[in-house]
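Participant: Handing you this structure, nothing more for now.
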Amino acid sequence: MLNKEIHDAINAQINAEMWSAYLYLSMSMDAENKGYKGVANWFYIQYREELDHARIFMNYLNSRDAKVELSAIEAVPTTWESVLQMFRETLAHEQKVTAMINAIGMLAHDENDFATANRMTWFIDEQVEEEESAREMVASAEAVEGNKYGMYMLDKELGGRTYNTPSPLAAE
Ligand code: MG
């Protein structure tokens, strides 16, 4: 049986992943509204990945015969002053998520729950990638700040981002 503290932490993490999805969906809609279709595409894929993260946790709870409990998703901001601001917020947010993921990993170790610890290693690796890609996006947006042509080219490039099913779901 799954330890109650771990069960509660994963249910809270499902809510946090749904909030992340909602945040990136809102950024996608704001980018689209501002005329940046490529940036909107980048954030829409980010939104889908967050839904996947929530799904992976839900599958995990189900596989441990632990009930998934969905709670209200808090409101997210709806406008950002610039694309650079969106990416800066993305990086700061992912750093917070990393801390939450690490806390669940630590809890699993403390409770000798090796199955949860194993599941968390995928998320720990995923967070390294999330932070790296957010850092790269901040650097790209900083490089073109105030340059309309540069922003046009960056937007075109981000329009090429494609969605990939994460391995824990692809293996299903
Ligand atoms: Mg996530």
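The values are calculated or read from the model by the stated rules, or taken from the named source; none is laboratory data. It should be emphasised that the depicted structure is a prediction, and the values quoted were computed from it without experimental measurement. Every residue, glycine among them, receives a Cβ derived from its backbone with ideal geometry; neighbour counts consider all protein chains shown. Accessible surface is based on the protein model in full, side chains and every heavy atom, while ligands, DNA and RNA are left aside. Shrake-Rupley method; radii C 1.70, N 1.55, O 1.52, S 1.80 Å.
Participant: Find the residue count for region 147-172, including only residues that are open to solvent by 90 Å² or more (accessible area, probe 1.4 Å) and more than 22 Å from Glu50 (Cα to Cα).
Facilitator: Within region 147-172, residues that are open to solvent by 90 Å² or more (accessible area, probe 1.4 Å) and more than 22 Å from Glu50 (Cα to Cα) number 4.
Participant: Same structure, new question: Given (1) touching a helix residue (DSSP H, G or I) at 6+ places or on another chain (Cβ under 7 Å); (2) open to solvent by less than 50 Å² (accessible area, probe 1.4 Å); (3) more than 16 Å from the ligand (Cβ to nearest atom), where does Trp122 come up short, assuming only one miss?
Facilitator: Here Trp122 clears every test but (3).
Participant: Just to be sure, is Asp110 within 16 Å of the ligand (Cβ to nearest atom) and either under 22 Å from the mean Cα position of the chain (by Cα) or open to solvent by 70 Å² or more (accessible area, probe 1.4 Å) (or both)? Break it down stepwise before answering.
Facilitator: Details: within 16 Å of the ligand (Cβ to nearest atom): no; either under 22 Å from the mean Cα position of the chain (by Cα) or open to solvent by 70 Å² or more (accessible area, probe 1.4 Å) (or both): yes.
Taking the combined requirement at face value, the residue does not satisfy it.
Participant: From the set of residues in region 30-43 that are of a type outside the set (Val, Ile, Thr) and surrounded by 19 or more Cβ atoms within 10 Å (Cβ to Cβ), which is nearest to the ligand (Cβ to nearest atom)?
Facilitator: Looking only at region 30-43, we keep the residues that are of a type outside the set (Val, Ile, Thr), and these are 30-38, 40-43.
With surrounded by 19 or more Cβ atoms within 10 Å (Cβ to Cβ) added as a condition, the list becomes 30-31, 36, 38, 40-43.
Details: Asp30: 20, Ala31: 19, Tyr36: 23, Gly38: 22, Ala40: 19, Asn41: 18, Trp42: 15, Phe43: 13 Å.
Checking each candidate, the answer is Phe43.
Participant: Something else now. So Pro168 clears everything in (1) in contact with a Phe, Trp or Tyr (Cβ under 7 Å, 6 or more places away or on another chain); (2) modelled with pLDDT of 95 or more except one condition, right? Which one?
Facilitator: Every condition holds for Pro168 apart from (2).
Participant: Here's a follow-up. Which numbered condition in (1) open to solvent by less than 30 Å² (accessible area, probe 1.4 Å); (2) more than 16 Å from the ligand (Cβ to nearest atom); (3) among the charged types (D, E, K, R) is the only one that Asp52 fails?
Facilitator: Answer for Asp52: the failing condition is (2).
Participant: What are the residues in region 1-24 that are aliphatic (A, V, I, L, M) and open to solvent by 40 Å² or more (accessible area, probe 1.4 Å), if any?
Facilitator: If we filter region 1-24 for residues that are aliphatic (A, V, I, L, M), which is where we start, we get 1-2, 6, 9-10, 12, 14, 16, 18, 21, 23.
Hits for region 1-24 are Met1, Ala12, Met18.
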